[in-house]
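In what follows, a single structure is set out as structure tokens and then discussed.
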Amino acid sequence: MEYNFKKVHTAKDLAISTIVLMAGIGLFFINKGLGICIGICGLSMYLVYKDGYKKDGGDILLTRKSEDISKACRTSIIEFLEGKNTEPEITQGNEGGSIRLDLYFNRSENVAYAQLYDFCNYNYEPATGVVELKGDRADKLISLI
């Protein structure tokens, strides 16, 4: 199944943007040029600064984490994503090559979406599709990353 994730605002993003905008408004009365510059930065942060992700059609706010891990763990992770293995083995580093694990997750909902990439010819190529994990399986993978 194909999943698409879009970037969205989190509460932290909106709070930081608001603080920068308010600082610009406050500085406007002290130094007009600096106040305008900081205010424009605050407004542009509303448009650009997005740290969260949502699955298309979903309403759960997700966090993204990417990890480069040792290629020796590849079979263990693929078996875990397929549901065959109950304990994934994850070793940081690049012994014998490296692979990348992208994980979109929400700890409180125990939901995760994982995809594994192989590093080949100076490029990351998908080794698996995006796999949805729920419950204990998602919690195990989140805790390892």
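The values are calculated or read from the model by the stated rules, or taken from the named source; none is laboratory data. Bear in mind that the values here come from a model prediction, so they are computed numbers and not experimental data. Every residue, glycine among them, receives a Cβ derived from its backbone with ideal geometry; neighbour counts consider all protein chains shown. What goes into the accessible areas is simple: the full protein's heavy atoms, side chains included, and nothing from ligands, DNA or RNA. Shrake-Rupley method; radii C 1.70, N 1.55, O 1.52, S 1.80 Å.
Contact map, segment 75-92: residues that are open to solvent by 90 Å² or more (accessible area, probe 1.4 Å) paired with residues that are assigned to a strand (DSSP E or B), Cβ distance under 7 Å, separation 6+ or inter-chain. Pairs shown: GLN92/ILE69. Per the conditions (1) assigned to a helix (DSSP H, G or I); (2) open to solvent by 40 Å² or more (accessible area, probe 1.4 Å); (3) more than 22 Å from PRO88 (Cα to Cα), the sole criterion not satisfied by GLY57 is (1).
Residues LEU101, LEU62: which one is surrounded by 19 or more Cβ atoms within 10 Å (Cβ to Cβ) and under 19 Å from ASN121 (Cα atoms)?
When all the criteria are applied, what remains is LEU101.
Which of the residues belonging to segment 45-74 are touching a residue at least 24 places away in the same chain (Cβ under 8 Å) and of a type in the set (Gly, Ala, Ser)? The answer is GLY52, SER66, SER70, ALA72. Here PHE28 passes the criteria (1) open to solvent by 70 Å² or more (accessible area, probe 1.4 Å); (2) in contact (Cβ under 8 Å) with a residue 24 or more places away in the chain except the one numbered (2). Could you please let me know if GLY42 is in contact (Cβ under 8 Å) with a residue 24 or more places away in the chain, over 21 Å from TYR124 (Cα atoms) and surrounded by 14 or more Cβ atoms within 10 Å (Cβ to Cβ)? Judged against the criteria, GLY42 is a match.
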